[in-house]
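Shown next, in structure tokens, is the structure this report addresses.
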């Protein structure tokens with residue numbers, strides 16, 4: 001079958017999801033440090049470990065940086081932002097859920113313009129949202145075993 005007949009009438013859209021670590025001194029929902037390259041589990045607090053009785057506290061700096069990003073890209077910055085629990089079971093997520101945004105992200109829309117040589121490009125953004133980072137599974141650091149880094 002001719003490929004042109006298969007795609008006629010359709011628009012090809014390619015989406016990218018990127019993750020960025022904000023330049024805050026502590027994590028988004030705990031006071032734990034965020035120094036890159038630290039030894040495993042040396043920057044994990046009781047909140048990060050999901051110990052009973054611990055509660056997350058929002059990092060003001062993370063919100064401020066998200067707002068600054070939204071303004072820089074000409075986006076709509078939400079006056080109210082809602083977080084939800086994204087539930088899934090995985091060893092590097094001791095709570096069994098990840099605090100995240102989707103329906104009501106802090107930043108909606110906007111665009112980034114750039115040049116490649118003499119050719120201008122514009123990439124439209126759908127959203128930018130805040131979420132806590134899950135831990136990291138370590139498979140190569142232990143002889144025949146796996147570990148978890150909750151930094």
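Counting only C-alpha contacts under 8 Å and six or more residues apart, can you give the relative contact order of region 13-71 as a whole percent?
Working: 41 pairs, mean separation 19.8, N = 59.
So the answer I get is 34 percent.
Only Cα pairs under 8 Å and 6+ residues apart enter the sum, and on that basis the relative contact order of the chain stands at 20 percent.
Take the Cα pairs of the chain, get the Kirkwood Rh, then feed it into Stokes-Einstein at 20 °C and 1.002 mPa s and tell me D in µm²/s.
Working: Rh = 18.3 Å.
Answer, rounded: 117 µm²/s.
Computed from Cα atoms, the angle from the helix 60-72 axis to the main principal axis of the chain rounds to 10 degrees.
Shape class of region 90-151 from the alpha-carbon gyration tensor: oblate, with a/c at 1.5 or above and b/c at least as large as a/b.
Any read-out appearing in this document is the output of simple, stated calculations on the displayed coordinates, not a laboratory observation. Keep in mind the model is a prediction, meaning the values are calculated, not measured.
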